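The values are calculated or read from the model by the stated rules, or taken from the named source; none is laboratory data. Small disclaimer: the values here were computed from a predicted structure and weren't measured. Cβ coordinates were reconstructed from backbone atoms using ideal geometry, including for glycine residues, and neighbour counts include every protein chain displayed.
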Amino acid sequence: MSDDAPRSRVPGHIAVVMDGNGRWAKARLLPRSAGHRAGQRAVREIIEGCLHHGVQSLTLFAFSSENWRRPEEEISALMELFLRALDREVESLRQHDVRLTFIGELGSLNSLLRERIARAVAITAGNRKLTVNIAINYGGQWDITQAARELAAAVQRGELAVADIDQNRVAGYCQLSDQPPVDLFVRTGGEYRISNFLLWQMAYAELYFTDTLWPDFNQASLTQAIHAYANRERRYGRTGEQLAHTS
Ligand code: IPE
Ligand code: IPE
Ligand code: MG
């Protein structure tokens with residue numbers, strides 16, 4: 001297996017459910033927070049890997065709208081880690097031409113974290129090589145619901161007719177509307193579910209699941225996922241024969 005997939009077969013947008021930190025820590029008799037800390041190295045690895053392969057967008061699920069159900073001490077450890085990671089990594093991201101964006105209901109986060117998020121977004125806003133979207137307090141159902149609310153408000157203001165609401169219009173109000181739809185969905189940690197991640201944006205994503213726990217995920221794991229993707233036939237409803245004739 002060569003290290004590089006042919007560029008045309010590299011996914012433009014990869015979305016990742018970074019799962020398995022808790023189990024990684026438990027296997028080492030460590031607290032769950034140690035697993036979250038170890039997971040930060042894997043974030044660095046996947047960003048470097050995406051830069052190497054020429055991926056344009058990477059969306060990372062850092063904290064779901066359901067993760068508020070976790071013990072309070074785990075939630076505060078996670079928020080603290082996000083804060084420190086932002087402070088530590090933003091300069092290196094800027095230097096590597098990485099743009100950082102955040103999706104989710106950020107209004108519920110503490111004001112210090114919101115301030116650091118705004119700072120990181122501003123510092124990296126002009127970067128172009130790779131966009132990394134961090135999903136915090138994000139839920140796919142929330143995303144579609146807020147789009148519906150915005151659309152209804154536009155109709156109410158008389159700016160939009162109900163008959164003009166089509167798929168493009170809905171997509172335009174969902175998060176990440178400035179980026180291509182997800183090509184490759186990756187979930188580590190051996191669970192086979194979407195857990196309310198990007199529902200609209202993943203409509204035609206290729207799904208890739210691995211038992212590797214997130215802290216053990218590295219650039220070789222990413223290359224494996226990209227190779228698996230490169231060998232998929234994306235038919236979008238057509239037949240395999242039709243595709244053979246057009247390629
Ligand atoms: C994913 O790892 C990180 C977050 C949800 C924040 P988990 O913490 O879910 O790890 P497991 O699934 O318990 O191993
Ligand atoms: C999904 O993982 C959320 C993140 C990775 C941030 P979870 O571990 O919270 O998902 P479930 O509970 O297994 O569905
Ligand atoms: Mg989990």
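Which of the residues belonging to segment 186-224 are away from ligand 1 (no atom under 12 Å from the Cβ), out of contact with any helix residue (DSSP H, G or I) (no Cβ under 6 Å at 6 or more places or on another chain) and closer than 22 Å to G139 by Cβ?
Y192, I194, Q201, M202, A203, Y204, A205, L207, F209
Taking S64 and the conditions (1) within 16 Å of ligand 1 (Cβ to nearest atom); (2) surrounded by fewer than 20 Cβ atoms within 10 Å (Cβ to Cβ), which numbered condition does it fall short on, given that it satisfies the others?
Going through (1) within 16 Å of ligand 1 (Cβ to nearest atom); (2) surrounded by fewer than 20 Cβ atoms within 10 Å (Cβ to Cβ) one by one, S64 breaks only (2).
Looking at A228 and the list (1) at pLDDT 95 or above; (2) not in a helix (DSSP H, G or I), which single condition is not satisfied?
The single condition A228 does not satisfy is (2).
Filter segment 67-94 down to residues that are in contact with a strand residue (DSSP E or B) (Cβ under 8 Å, 6 or more places away or on another chain) and more than 13 Å from ligand 1 (Cβ to nearest atom), then give me how many there are.
Looking only at that region, the number is 2.
Restricting to segment 196-213, and then to whatever is assigned to a loop (DSSP other than H, G, I, E, B) and free of Cβ contacts under 8 Å to residues at least 60 places away in the same chain, can you tell me which residue is nearest to the chain's Cα centre (by Cα)?
The qualifying residue nearest to the chain's Cα centre (by Cα) is L199.
If you check N231 against the conditions, is it on the phi > 0 side of the Ramachandran plot and in contact with a helix residue (DSSP H, G or I) (Cβ under 9 Å, 6 or more places away or on another chain)? Spell out how you get there, then give the answer.
On the way: on the phi > 0 side of the Ramachandran plot: no; in contact with a helix residue (DSSP H, G or I) (Cβ under 9 Å, 6 or more places away or on another chain): yes.
So N231 fails the test.
Mind telling me which of the residues H36, H13, H53 ends up being crowded, with 16+ Cβ neighbours inside 10 Å, within 12 Å of ligand 2 (Cβ to nearest atom) and more than 18 Å from S92 (Cα to Cα)?
The unique qualifying residue is H36.
For segment 20-29: of the residues being surrounded by fewer than 22 Cβ atoms within 10 Å (Cβ to Cβ) and within 16 Å of ligand 3 (Cβ to nearest atom), which is farthest from I103 (Cα to Cα)?
Of all residues in segment 20-29, those surrounded by fewer than 22 Cβ atoms within 10 Å (Cβ to Cβ) come to 22-23, 25-29.
Right, trim to within 16 Å of ligand 3 (Cβ to nearest atom) and you get 22-23, 25-27.
Details: G22: 23, R23: 26, A25: 27, K26: 30, A27: 32 Å.
My answer is A27.
For segment 113-134, state whether one or more residues are among the hydroxyl-bearing types (S, T, Y), buried (at least 16 other Cβ atoms within 10 Å of the Cβ), within 21 Å of A15 (Cβ to Cβ) and more than 16 Å from ligand 3 (Cβ to nearest atom).
First pass over segment 113-134, keeping only residues among the hydroxyl-bearing types (S, T, Y): 124, 131.
With buried (at least 16 other Cβ atoms within 10 Å of the Cβ) added as a condition, the list becomes 124, 131.
Subsequent filtering for residues that are within 21 Å of A15 (Cβ to Cβ) retains 124, 131.
Subsequent filtering for residues that are more than 16 Å from ligand 3 (Cβ to nearest atom) retains 124, 131.
Yes, segment 113-134 has at least one match.
Do any helices (runs of 4 or more DSSP H) lying entirely in segment 68-179 carry at least 2 residues that are under 18 Å from C50 (Cβ atoms), and which ones are they?
By residue number, 72-95, 111-124.
Which residue is surrounded by the fewest Cβ atoms within 10 Å (Cβ to Cβ), if the candidates are limited to segment 174-189 and must be within 11 Å of ligand 2 (Cβ to nearest atom) and more than 11 Å from the chain's Cα centre (by Cα)?
G189
Please count how many residues of segment 76-100 are in contact (Cβ under 8 Å) with a residue 12 or more places away in the chain and surrounded by 13 or more Cβ atoms within 10 Å (Cβ to Cβ).
So the count comes out to 17.
So if I check each of Y208, Y192, which one is surrounded by fewer than 13 Cβ atoms within 10 Å (Cβ to Cβ) and touching a Phe, Trp or Tyr at 6+ places or on another chain (Cβ under 7 Å)? So that I can check it myself, show each step before the final result.
Working: Y208 fails: surrounded by fewer than 13 Cβ atoms within 10 Å (Cβ to Cβ).
Every option except Y192 fails the conditions.
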